[in-house]
Amino acid sequence: MAKGFFRECVGELKKVTWPSRTDVWASVKVVIVLTIIMAVLLGLLDLGFSSLFKLLMG
């Protein structure tokens, strides 16, 4: 039973179209850039809301 399972797993993995190294690096770059953009955006929102809260609370 387990032997057949692993044989089927190997068979399925051979059917997978794996991305090229270039495709992987392009995706990694997109993820890093978007992560930085979102971090800056959230930081600015946090700064703005903190300033607004301090202004409202005196």
Checklist entry - What's the angle, to the nearest 10 degrees (0 to 90), between helix 21-57's Cα axis and the longest principal axis of the chain? => result 30
Checklist entry - So how tilted is helix 2-15 from the main axis of the chain? Cα-based, degrees 0 to 90, rounded to 10. => result 70
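Could you give the semi-axes, largest first, of the ellipsoid that matches the chain, computed as the square roots of 5 times the alpha carbon gyration tensor eigenvalues and rounded to whole Å? Please report the intermediate quantities before stating the final value.
Values: eigenvalues 493, 64, 4 Å².
Each semi-axis is the square root of five times an eigenvalue, giving 50, 18, 5 Å.
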Checklist outcome for this item: CD proxy, 222 nm, the chain: helix-only mean residue ellipticity via -39,500 (n - 2.57) per DSSP H run with n ≥ 4, per residue, nearest 500, stands at -31000 deg cm²/dmol
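Read-outs throughout are calculated quantities, based only on the coordinates presented, and are distinct from any laboratory measurement. Source: prediction; values computed, not measured.
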